[in-house]
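Structure record follows, encoded as structure tokens.
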Amino acid sequence: MDPNAYRPQVIIRHCDAYDVERIREIVREGLETLDLRPQGRTLVKPNLVCAGPKFEHAHTRPEFTEGVVLALQDRDDGQVTEMAVGERCGITIPTRMTFAQSGHDDVVKRLGVKKYYFEEEPQVEIPLSHPGRLRNYLFTPEPVAKADFFVNCPKFKAHPWTTVTFGNKAYIGLQDDRHRLIDHDAKLNEKIADLQYILQPKFLAIDAITAGEGRMLTPIPRDLNLIIMGNNQCAFDAVCCAVIGVDPYDVDHIRMAHERGFGPLVLKEIEVSGDVTLEDARARSTGFDVGLIRVEKYFEGTNISAYAGPPPASEGHDYCWGGCPGAMEEAIEILRKVDERADEGMPRLHIVFGNYDGPIDFRGEENERVVFIGDCAEWQGQLGDQTVAVENLYRDRSTLDPYTVEPQEMMDKVLKVKKAKREHKNLPYLRLTGCPVSVSEQLMALVDLGGFKSPMNDWPSIKAYFTWKSAIAMKRLVGHRYQVLGEAERGDAKPEGMLPQTTPAE
Ligand code: SF4
């Protein structure tokens, strides 16, 4: 797809209800305006990062996905060979659980389309050769690599690490955990920009009927009553940014995708149409909170004090926006959702990230602990009557290879947190290793230290985990391999002919 060969268009439409038929009509009109018809292997990707009653605003609503698939079927003139919905959800949860909890299982069943839980598919190799890449290859699920007509359906949300979750950012769901966590650190924006080389959407439609502010897993709902559609991911993200008053050049992963030729960010190069003007859309979004906040500030006024030093110099940033600090913010938000005592019941905790060389206000109160989080955590000093030296265990990213990286599954993480707690049993501090230490590990540590009920020990989670493992075991019996080495077969959604676009910011 060459973004210079056509004029990128974005359509902003009013929609004030999760009414499948209304969404279908709006999206069908959008496809008509953009002169698009699905063809070949058509893959629709909603954002299902997590779901369930406590996380109802975190994901693309099933009515939205259903309306989009029906509109695509309306526009199919016989060229579609497969219509599918696929995703890899977040925080180590099996995707089959978020499909069920969000209502997407019912949608695919009702419509008779295929579903892909991406982590249960073979992971295939995509070579990279562009300047500035983090790696020479990455892995993605086979149905993604083979897609001909890719439809990206994100949820309109803020993101505490990357400012926003629109089209480009939603690509993190194109990788299973094992590969997703590589470079999910201070280089997260670079990683997202690299993922753009896997494929490009022919069509985007974002669920901005009820948007999410401030956070990504537990966002605060904000009714914008909008569906925004487009035919170019950068142009689409630029307009979504404009809606909430964010300069897309300030969102690193969007700026990088633009600089690599994936599309324009300057509004005069984008045709914006629809029954809602950009000005009206902006008025609906006044004061939209993106939630980009450093961890020290985030925990002010709580029983947790946070201290963040810089990650290693080789990371090239003075704060690890894509790694451990943001994961801790999401972990406490989940805990607050599942246990209302999360704040007042939390013992006095100090959490330390990066190379921190300042004081820690440790008073030796009952259950008070210092938690050093991440391989790059480093500190020396006195905690009560103990002299403590926490060493930097960070390994350069070049030591991690997508070919050989080991999985970090839920049970591994549970055992890892329990082991860390055991090893530090009589010490005033705890060390959690990893780069990054994931949201789920940090959540388990908080649960353990505060004596809270674990949200991961419920029956649906356990059942989904074992069903997932059984499904994989069955597939292995018939020759399924988790990872397939060598350049993957690609569909028509493979990006081609990208040209650098260097239009400066307005
Ligand atoms: S250990 Fe955590 S804070 Fe340090 S570089 Fe890795 S992800 Fe960032």
Can you find a residue in segment 201-210 that is in the same structural domain as H57 (by TED's automatic domain parsing), in contact with a His (Cβ under 9 Å, 6 or more places away or on another chain) and more than 25 Å from E496 (Cα to Cα)? yes
Take segment 259-284 and flag every residue that is outside any helix (DSSP H, G or I) and of a type outside the set (D, E, K, R). G261, F262, G263, P264, L265, V266, I270, V272, S273, G274, V276, T277
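For segment 462-479, which positions are part of a loop (DSSP other than H, G, I, E, B) and under 22 Å from H179 (Cβ atoms)? So that I can check it myself, show each step before the final result.
Just the residues of segment 462-479 that are part of a loop (DSSP other than H, G, I, E, B), to begin with: 478-479.
Result: G479, single match.
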On the given criteria, is P141 outside the structural domain of L335 (by TED's automatic domain parsing) and under 17 Å from the mean Cα position of the chain (by Cα)? yes
Subset tally (residues that are over 16 Å from E330 (Cα atoms), of a type in the set (S, T, N, Q) and at pLDDT below 90) for segment 416-456: 1
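Quick one: count up the residues across segment 343-353 that are assigned to a strand (DSSP E or B) and more than 15 Å from the ligand (Cβ to nearest atom). Lay out the reasoning, then the answer.
Applying the first criterion (assigned to a strand (DSSP E or B)) to segment 343-353 yields 349-353.
Cutting the leftovers down to more than 15 Å from the ligand (Cβ to nearest atom) gives us 349-350.
Count: 2.
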Any hit, segment 203-221, residues being over 27 Å from K268 (Cβ atoms), part of a strand (DSSP E or B) and of a type in the set (G, A, S): yes
If I220 meets every condition in (1) among the β-branched types (V, I, T); (2) surrounded by fewer than 21 Cβ atoms within 10 Å (Cβ to Cβ); (3) over 14 Å from K155 (Cα atoms) apart from one, which number is that one? (3)
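Hey, any hits in segment 170-189 for a residue that's at positive phi and either among the hydroxyl-bearing types (S, T, Y) or more than 16 Å from the ligand (Cβ to nearest atom) (or both)?
Within segment 170-189, the first condition is being at positive phi, and the residues that meet it are 183.
Applying the additional criterion that residues be either among the hydroxyl-bearing types (S, T, Y) or more than 16 Å from the ligand (Cβ to nearest atom) (or both) yields none.
Among the residues of segment 170-189, not one is at positive phi and either among the hydroxyl-bearing types (S, T, Y) or more than 16 Å from the ligand (Cβ to nearest atom) (or both), which makes the answer no.
State which residue is farthest from the ligand (Cβ to nearest atom) when the search covers only segment 288-331 and only residues that are in a helix (DSSP H, G or I) and among the small types (G, A, S). I'd like the intermediate steps shown before the answer.
We begin by selecting, within segment 288-331, every residue in a helix (DSSP H, G or I); these are 295-298, 313-315, 324-331.
Restricting the remaining residues to those that are among the small types (G, A, S) gives 313-314, 326-327, 331.
On the way: A313: 11, S314: 9, G326: 9, A327: 8, A331: 13 Å.
Only one residue fits best here, namely A331.
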Across segment 436-448, the tally of residues that are more than 15 Å from R336 (Cβ to Cβ) and over 22 Å from the mean Cα position of the chain (by Cα) stands at 1
Give the residues of segment 305-336 that are surrounded by 23 or more Cβ atoms within 10 Å (Cβ to Cβ) and closer than 15 Å to Y394 by Cα, sorted by residue number. P311, C320, G323, C324
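Hey, can you tell me all the residues within segment 1-55 that are aliphatic (A, V, I, L, M) and surrounded by fewer than 16 Cβ atoms within 10 Å (Cβ to Cβ)?
Going residue by residue through segment 1-55, those that are aliphatic (A, V, I, L, M) are 1, 5, 10-12, 17, 20, 23, 26-27, 31, 34, 36, 43-44, 48-49, 51.
A5, A17 - these are the residues of segment 1-55 that are aliphatic (A, V, I, L, M) and surrounded by fewer than 16 Cβ atoms within 10 Å (Cβ to Cβ).
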Tell me which of these Y356 doesn't satisfy, since it passes every other one: (1) within 16 Å of the ligand (Cβ to nearest atom); (2) within 22 Å of K416 (Cβ to Cβ). (2)
Within segment 480-496, can one find any residue that is modelled with pLDDT under 85, assigned to a loop (DSSP other than H, G, I, E, B) and within 30 Å of D247 (Cα to Cα)? yes
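The values are calculated or read from the model by the stated rules, or taken from the named source; none is laboratory data. All values reported here derive from a predicted model rather than from experimental measurement. We place every Cβ from the backbone using ideal geometry, glycine too, and count neighbours over all the protein chains shown.
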